[in-house]
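Single-structure report; data block below.
The values are calculated or read from the model by the stated rules, or taken from the named source; none is laboratory data. Since the model is a prediction, treat every value here as computed from it, not as a measurement. Cβ placement follows ideal geometry from the backbone for every residue including glycine, while neighbour counts extend to all protein chains displayed.
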Amino acid sequence: MDARREENVNVQKMSKEEKKRLKKQIKASHTLLKHEGIHTVSMPTKSLVVANGGLGNGVRREQLLEALRQCGSPEALLTPPDKPYAFVTFQSTEEARLALVALSGSQIHTEEQVVTLYLNFVERVGSEVQTPQELPPGLTILEEFVSPDDELRLLEAIDWSSQSDGDGMQKALKHRKVKHYGYEFRYDNNNVDKEKPLSEGIPQVCDGVLERCLKENLIKVKPDQLTINQYQPGQGIPPHVDTHSPFEDTIVSLSLGSKVVMDFKHPDGRSVAVVLPGRSLLVMTGESRYLWTHGITPRKFDVVPACDSNRPGPVTSDLRDLTLNKRGMRTSFTFRKVRRRPCDCAFPSACDSQGPPQQSSGPSAPQSDSDASCLEREFVHEVYEQIAGHFSSTRHSPWPRVLDFLRSLPTWAVLADVGCGNGKYLGLRTDLFTVGCDRSRSLVDICGQRHFQALVSDALAVPLRSGVCDACLSIAVIHHFSTQERRLAAINELVRLLRPGGRALIYVWSMEQEYNKQKSKYLKEKKVKQEEGSAPGNLQNSEVSDQVHAGKADEDCGFFTEKNRSTLSVHRNRTAFHSQDLLVPWHLKGGSQQSKGVGKSSESPAGSKASESSPVFHRYYHVFCEGELENLCQKAENITVRSSYYDQGNWCVILEKKLGMIF
């Protein structure tokens, strides 16, 4: 009791600013507890959680350590990757108490922003070290493969101002600059025309690199194709496997300039983040070349080991040894040997030479806005009209975090649910002014039967005044738009509807159905519910085998694979995604009656097959890679991305419209 009385006296003595800071600390505690499962305590301990002081906020480990050492001697500092917080353990409780008082409310200037720290006591911290990662089989990284002088000579030999045939085939992609020598790599079909070599072969300045590769038995024959990529800070390349049929086994890539982290992913969900220092050589052969995707996430900072950060190899899983590295300009020289015979690799499931023959019956990936509109009309709008009743019968339980967003809105706020479906989120709070809209008239009719206010409208042109909404929902809608421009337009339409300070919650299906070693709960259940968060890999109404895998390389969103062709794929249930742009089957049990709302859900126990008489409809989806939704939102004007998270097979963001912005 004496301690509590002393605490009350201390609170009464606080200044107005100190009380404000205390309220923010409490709010930070509740936020972490709610969204991250971190339990804070009021009694002093040796350990603290530092809200806003994490790698996810752009705070480097070194900066945070410098601030903490002013209060004592930290025994351990854990900085989880991509998280907006860190954990620190001091040698004594008194040092931790001093840090809480001295640093709560203090500011750190990062490369991008100024962040305010808020500290809270915790009883204990999480695991410090996870299982060490290994490089994918067949992957080798050689440090300092060229000298600084050789690096400069190679970079100076590239004339990016010239696009003539005498200086290689140059392309300006949205995410990077590219030059091709020997043969042009075509991004429309992820292949090369072996009968049309370029007039300019691999430049002589590369001879020294290739001779060393031959001498050290890294390659067996001299390459005849070179692709040079130049990346500005923040640019990347989508996850992909270099197409099997155009090139022989071994591929070598020389990194010049800034170091970068390259992500490798196995079809079974395993992933390894690998540091590629400047002047290092990456060698891919066997499984790493044919089966694992590799890509560079578009971002300005990479999570790297704090100790010996220039060491090539997997990023350490030791949370005591992680910091941020700011990217600079990077140029890669990737050498390949054009294949003159079909690929006979040991990975036929991923091989275009050994795969099933191409089929041309599927729809083509859109090449223009007109194509996109037609694709969406046939494989989104018309499909939902056909399956509306059956679809509605599977939509009843609200998602907890969507419900949290709705609960956070003030009384009598104006809410627009854009793409409301059967209106399941419109009636959850009776003290809000709610209106829904959907492209499907049949679904809007169902909303009317439930006495909800809803209207037929395209998500690209909602017939409401600008700035009239306090909040907007877009749950499982934007992934139905088939180009990046249309997806961005849908986001901008949400922003237009919001008043200054208004917020929008967006959910889209995720490419990653296993994230942070946790599978979506829908993959674990024997009976799967087809809620809007259930991504294609979870659906039980897919019994259609794969067709030809999808369309052109999507330079807008940053993804292409070795299976991307001219037609969209039909996704098979419970298999890894091989393309971001695909068709998802819907088995309509009970035939046409289901479109009128008769019958039960189409879900069946895992492994059971749908009735052969069930009509099958295919919906178009663009599934989002990690970071893609957030990056897309940042291209919208007048908004701030307040939070982003992964929720059971979905990528999600909360946007806020900037104050004073009405358009």
Give me a count of the residues in segment 45-81 that are in contact with a strand residue (DSSP E or B) (Cβ under 6 Å, 6 or more places away or on another chain) and either of a type in the set (D, E, K, R) or over 15 Å from ASP321 (Cα atoms) (or both).
15
Quick check, is ALA102 within 19 Å of ARG320 (Cα to Cα) and aliphatic (A, V, I, L, M)?
no
If the requirement is being assigned by TED's automatic domain parsing to the domain that holds PRO233, touching a Ser or Thr at 6+ places or on another chain (Cβ under 6 Å) and outside any loop (DSSP other than H, G, I, E, B), which of these qualifies: VAL283, VAL272?
VAL283
One residue from SER288, SER245 being farther than 30 Å from GLU112 by Cβ, in contact (Cβ under 8 Å) with a residue 40 or more places away in the chain and assigned to a loop (DSSP other than H, G, I, E, B)
SER245
Of the residues in segment 622-663, how many are in contact (Cβ under 8 Å) with a residue 24 or more places away in the chain, surrounded by 15 or more Cβ atoms within 10 Å (Cβ to Cβ) and either part of a loop (DSSP other than H, G, I, E, B) or of a type in the set (A, V, I, L, M) (or both)?
16
Residues that are over 22 Å from LYS300 (Cα atoms) and not basic (Lys, Arg), drawn from segment 259-280:
HIS266, PRO267, ASP268, GLY269
Options SER569, SER602, SER611; residue that is surrounded by 20 or more Cβ atoms within 10 Å (Cβ to Cβ) and modelled with pLDDT under 75:
SER602
Of everything in segment 318-342, what is farther than 30 Å from ILE202 by Cβ and either in contact (Cβ under 8 Å) with a residue 40 or more places away in the chain or of a type in the set (Phe, Trp, Tyr) (or both)? Give them in sequence order.
ASP318, LEU319, ARG320, LEU322, THR323, LEU324, ASN325, LYS326
Residues (over 27 Å from ARG642 (Cα atoms) and of a type in the set (A, V, I, L, M)) located in segment 50-98:
ALA76, ALA96, LEU98
Condition first: modelled with pLDDT under 95 and acidic (Asp, Glu). Now tell me which residues in segment 196-223 satisfy that.
GLU200
Quick one: which strands (runs of 3 or more DSSP E) lie wholly within segment 62-137 and hold at least 1 residues that are out of contact with any Ser or Thr (no Cβ under 6 Å at 6 or more places or on another chain)?
74-78, 85-90, 107-109, 114-116
Within segment 421-429, can one find any residue that is more than 24 Å from LEU588 (Cβ to Cβ) and of a type in the set (D, E, K, R)?
yes
Return yes or no: is ASN189 surrounded by fewer than 19 Cβ atoms within 10 Å (Cβ to Cβ), among the polar types (S, T, N, Q) and at pLDDT 95 or above?
no
